[in-house]
1. Between R458 and V200, with labels modelled 7 Å along Cα→Cβ, what's the label distance in nm to one decimal, could you check?
2. Once amide H atoms are built 1.01 Å from N in the peptide plane, which residues 5 or more positions from V307, or in another chain, come under 5 Å H to H?
3. Between D290 and K83, what is the spin-label point distance in nm, taking each point 7 Å from the Cα along the Cα→C-beta axis?
4. When Lys and Arg each count +1 and Asp and Glu each count -1, what net charge do the other residues less than 15 Å away from H419, Cβ to Cβ, add up to?
5. Any idea what log10 I(q)/I(0) is at q = 0.11, 0.14, 0.20 Å⁻¹ for the stretch 367-523, Debye with uniform C-alpha scatterers and no solvent?
6. By average Cβ neighbour count within 10 Å, what is the ranking of 144-151, 110-117 from highest down?
7. Quote the FRET efficiency, to the nearest 0.05, computed for E185 versus L102 with a Förster distance R0 of 22 Å and r equal to the Cβ-Cβ distance.
8. For the stretch 99-144 and the stretch 448-514, what is the separation of their C-alpha centers, rounded to whole Å?
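The values are calculated or read from the model by the stated rules, or taken from the named source; none is laboratory data. Keep in mind that this is a model prediction, so the values were computed, not measured. Counting neighbours? That spans all protein chains shown, and the Cβs are built from the backbone with ideal geometry, glycine included. To get the accessible areas, we keep the full protein, side chains included, count just its heavy atoms, and leave off ligands, DNA and RNA. Shrake-Rupley method; radii C 1.70, N 1.55, O 1.52, S 1.80 Å.
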Amino acid sequence: MLSKRRCFAAAANRIRPLARAFCDAPASRADAASGGAPGSQGCTTQEIGGVKAAPDVLDVAIVGGGMVGLAVACALSNMPLTKHLRVGIIDSNPALKSRNHLTKNRIPDSRVSTVTPATISFFKDIGAWEHVQQQRHAFFGKMQVWDYTGLGYTRYNARDVGKEYLGCVVENKILCNSLLLRLQEELDDIESVIYPTRLVSLTFPSKSRQAGMKPASSEQSSVGHATEELHRSNLVKLDLSDGRSLYSKLVIGADGSKSNVRQIAGIKTTGWNYPQSAIICTVEHVVENDCAWQRFLPSGPIALLPVGNNFSNIVWTMSPEESLRHKSMSPEEFVKSVNHTLDFGYGPHPSSSALDHYMEQLFSGIGNTAASTKECFEVPPKATGVVSERMAFPLSLMHSHDYVSKRLALVGDAAHTVHPLAGQGVNLGFGDAAALAKVIAEGVSVGSDVGDLTLLRRYEKDRKAANVAMTAVLDGFQKLYSVDFGPLNVVRAAAFHGAQYISPLKRNIISYAMGDTKLPIFS
């Protein structure tokens, strides 16, 4: 999904002289508010074809300052080919004002992400991972997945693929904060990049309006004004809730599953709501958890993910009615229910059988045996208390028919949402961010317009294939494990046994989950 350092090192090596339409140093927020010329700091305003770089004109406008939107901005600011581009982030979230590392001794937030090694490589490439390392995070090198029937389980170990870890659990606010801190290092004035307001409307360029825009006077000032208006008529106009308007060559919709950008652009989607909701919260243990645990239940999976110190994150999928009941339980009742569900609830522990021995002997000669094949089933550490708010949210699948149109690109949840059972949603979004930044850099290197549809379709072609494949895999798992039927239970148990004892298959599953583009098939 993301090859380590491939995107940015390659782009950096192709630097060539470019005619820049805008200054390297963006205009100050005061300049933008007043509509005056940029200040004397940085460089003087340049002209291309008689068009001045007005302070309300951007190269890239990112609507949405969440994890994925910030990742796009951070990637663009980090590459030599694109760091001169004038980027604006439009989001009214006050959290964007945060500029300090978050202390490790506070209670972890319940909203976390399991980032893959591919995502970690991307964060290292753009210089943000060192800030994550200074805040709370938890690597895990082992994972156990099992079925509530007790018929099968699978253990995964980073050593199976010669790695140190399978992934890392990080609070969403820490990922955002790390990207902001990196942006602050790259930009002279980060405040001039962030617009703390909301998008009200978008107006896309009209061919008829472009054709009808002609200078009305031969006087230089009139011609200059008309030329500037002609230039703006080729851009997207963004009307903001604070009364201002911006103009941009490219608008990136990073504003979530209910994307206002996507809806205004009229991009259609396909999807459905699952008859499930997810409860998320933070629990505490007596000992530190170093493994990711996931058990499939009749109502959906429950995951116990390490988040550092003696804390773990719960992601528990269940019916909407059950989610409301569990959200309103007393803390003691909820912890008791969690421990029961991760232990003997719904069915027995998986145990060794003659089938296990037979499959181990049958597949022992296919490649080198994975390190985790000999690992026995373990019971997860018991929770001793719930230490955060319990949050519930409905689950759905959504995929945009198009990721791009002229001067527009969608990334992250604005383009696709998936079931959280494998924790892949945000990793798909970071994959989008890396791929789009790479395509923009390639366009700049040959002098292309960053909003050109032909250029943007290269991003869509790359990401749509990967995202559709992952969406199909996760939706298939959700449907496979949502039915409690005897013969199907046996088939699922056989699948668990296959994943446990067929080492090449196990390695492919691990590699795919870690961010490799290769589908998890037996090879």
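1. 3.7 nm
2. S312, N313
3. Result: 3.9 nm between the two label points.
4. -1
5. -0.63, -0.90, -1.27
6. 110-117, 144-151
7. 0.80
8. Using only Cα atoms to place each centre, the spacing works out to 24 Å.
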